[in-house]
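Student: Let me begin by handing over the structure; questions about it come next.
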Amino acid sequence: MVAAQAPDNGMRRRRLMRWGVAAVGVALVGQAVVLALWPAAHLLMIDLQVYRAGGEHIVRHEQLYTGGVLLDLPFVYPPFAAVLFAPLSLLPLDVLKVAWTAGGLGLLAYVVHRCGRSVGVPAGSAATTMLLTLLATCLDPVRTTLYLGQINIVLLAVVVGDVLGRRDSRWRGVGVGIAAAVKLTPLVFVVYLLLTGRKRAAATAVGVFVAATGIGFLAAPADSVAYWFDGTFAAADRISDVAGTANHSLNGLLARLGSHGTVAWLVGAVVLGTVTVGLAVRAHRAEQEVLALTLCGLGSAALAPFAWSHHWVWVVPLVVLLAHRAVAGERAASAALLGVLVATVAVVTALPGPGVGPIPSTGLISLQPDVYLLLFLAVLTASAVQRRTRTGAARSRNQCTLDRFS
């Protein structure tokens, strides 16, 4: 029985690898075609230019939030983020774009590798890491992050390295604190660390967050007051309408349904956040740390007042987890992986033009703004069902063992 199962597993891995290579090859060719037809799709990297401009404003002691920092484009991050972005102006813009893209791809490979190790992928599986990294670049949140020059992959890697790092590390919590100081949504991981008994890590994250915010006050006191006390950080509609189709969070869904107040969103966010963190804590106790990480990460996007499609880069750990389980022979994981890919692969749905911009619209999210939110709810449901199923199976095994000795 065992001897027959090993060749089957080997054949399954080779078959899935061949299909994976073919699928990634087709997707990469598609990306090459997009870049050839619309070179501005990646070469513009407009958000990276905004980061650079924000850093320049800090250096020149110019106000960050009174208008656009680059033409009419505003800076939406805390002043501490602008402090971090200040060194970006030291590089020529073209060099910066290349370095930022290369760094993003390297960090993406790190995320895939770290999550793979955590779920049991052998340390020497470089081919698997490369394949999954290339696959990840074909997902709309990742593709959009790379095309815009966004910071999402950086924050993803910082949090992954922190949460999945050495359990006895004294630095646990530093990454979460820094990520939260740049973009507030990773604060959900502080609650997760606290409820999983890692009180020191949670306290470290809060301390780093406060210290980083203090650095922002020292570097730009007036901007910090404007951001934290004059309501700038809470103004979710500074760039786009909360009810618009670009907002892929729970708040966006509720606004599109006609609820434009904050009460409904806060109530919904508390309920959804409680369920999310609760399931993440259960996953942690079951030693499914990547699943717990994924739930909190996806939850951070779902619970945000405003979430662009590229905020959902947290599908990457989910793809790694499901791919590993699919190779191990779990049919449910194979079906789930297919569903995630269908929902997130960057298939061009609209050509660039006056109503679209220089970057082609891609993925189901460009056709239905609530796809990622629905995907997250499906992941939550599957996690809850999986927990009950495994608990029931464990009880059945225990009962069978008792019956043998009774």
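The values are calculated or read from the model by the stated rules, or taken from the named source; none is laboratory data. Every value quoted in this text rests on a predicted model; they were computed, and no experiment measured them. When we count neighbours, we look across all protein chains shown, and the Cβ atoms used for this are built from the backbone with ideal geometry, even at glycine. Please note that ligands, DNA and RNA were not included when accessible areas were found on the heavy atoms of the full protein model with its side chains. Shrake-Rupley method; radii C 1.70, N 1.55, O 1.52, S 1.80 Å.
Student: Can you compute 3J(HN,Hα) from phi for each residue in region 44-54, using the Karplus curve 6.51 cos²θ - 1.76 cosθ + 1.60 with θ = phi - 60°, rounded to whole Hz and x for Gly and Pro?
Tutor: Taking θ as phi minus 60°, the curve returns 6, 6, 5, 5, 4, 5, 5, 4, 4, 5, x Hz for region 44-54.
Student: Would you tally the net charge around Thr362, using a Cβ to Cβ cut-off of less than 13 Å, leaving Thr362 out, and scoring K and R as +1, D and E as -1?
Tutor: Around Thr362, the surrounding residues sum to 0.
Student: For the chain, take the longest principal axis of its alpha carbons; what is the angle in degrees between that and the long axis of helix 262-285, to the nearest 10 within 0 to 90?
Tutor: 40
Student: Have a look at Thr213, Thr196, Thr294 and tell me which one the Gaussian network model of the chain (Cα, springs below 10 Å) gives the largest fluctuation.
Tutor: Thr196
Student: Using a 1.4 angstrom probe with every protein chain in place, what is the largest-first accessible-area order of Ser259, Ser224?
Tutor: Ranked list, largest accessible area first: Ser259, Ser224.
Student: If you don't mind, another one. Residue-wise, which Karplus ³J(HN,Hα) couplings in Hz belong to region 135-150, taking 6.51 cos²θ - 1.76 cosθ + 1.60, θ = phi - 60°, and x for glycine or proline?
Tutor: With the stated coefficients, region 135-150 comes to 4, 4, 5, 8, 8, 4, x, 6, 4, 5, 4, 5, 5, 7, x, 6 Hz.
Student: Read through the labelled values (1) 1.23; (2) 0.96; (3) 0.98 and report the label of the one computed as Rg/Rh (Cα atoms, Kirkwood Rh) from the structure.
Tutor: Recomputing Rg/Rh (Cα atoms, Kirkwood Rh) here gives the entry labelled (3).
Student: How tilted is helix 371-405 with respect to the longest principal axis of the chain? Cα atoms for both, answer in degrees (0 to 90, nearest 10).
Tutor: 30
Student: Also: With springs only between Cα atoms under 10 Å apart, run a GNM on the chain and tell me which of Thr133, Thr204, Thr274 wobbles the most.
Tutor: Looking only at Thr133, Thr204, Thr274, the biggest GNM fluctuation is shown by Thr274.
Student: How big is region 229-327 along each principal axis, measuring the range of its Cα positions in Å and listing the largest first?
Tutor: In descending order, the Cα extents are 45, 29, 23 Å.
Student: For Tyr65, what is the net charge nearby, where nearby means another residue's Cβ is under 12 Å from its Cβ and Lys, Arg count +1, Asp, Glu -1?
Tutor: Numbers: positive: Arg238; negative: Glu62, Asp223, Asp230.
Value of the local net charge: -2.
Student: In the full protein assembly as shown, how much of Met11 is accessible to a 1.4 Å probe, in Å² to the nearest 10?
Tutor: For Met11, solvent-accessible area is about 100 Å².
Student: Provide the solvent-accessible area of Ser118, counting protein heavy atoms only and rolling a 1.4 Å probe, rounded to the nearest 10 Å².
Tutor: Ser118 exposes around 50 Å² with every protein chain in place.
Student: May I ask for the angle, rounded to the nearest 10°, between helix 2-37 and the longest principal axis of the chain, with both axes built from Cα atoms and the value confined to 0 to 90°?
Tutor: Result, in degrees: 20.
Student: Could you run the Karplus curve 6.51 cos²θ - 1.76 cosθ + 1.60 with θ = phi - 60° over region 56-65 and give me ³J(HN,Hα) per residue in whole Hz, x for Gly and Pro?
Tutor: Computed from phi, the couplings for region 56-65 are 5, 5, 5, 4, 8, 6, 9, 5, 8, 10 Hz.
Student: Now for a different question. Please give the per residue accessible area of region 86-154, computed with a probe of 1.4 Å over protein heavy atoms only, in Å².
Tutor: That works out to 40 Å² per residue.
Student: Highest GNM mean-square fluctuation, the chain, Cα pairs closer than 10 Å: which of Ala292, Ala323, Ala378?
Tutor: Highest fluctuation among the options: Ala378.
Student: Let me ask something else about it. Could you tell me which trypsin sites (Lys or Arg not before Pro) in region 16-83 are loop residues by DSSP with no more than 12 other beta carbons within 10 angstrom of their beta carbon?
Tutor: Details: sites: Arg18, Arg52, Arg60; in loops: Arg60.
Here the trypsin sites (Lys or Arg not before Pro) that fit, given the DSSP loop and packing criteria, are Arg60.
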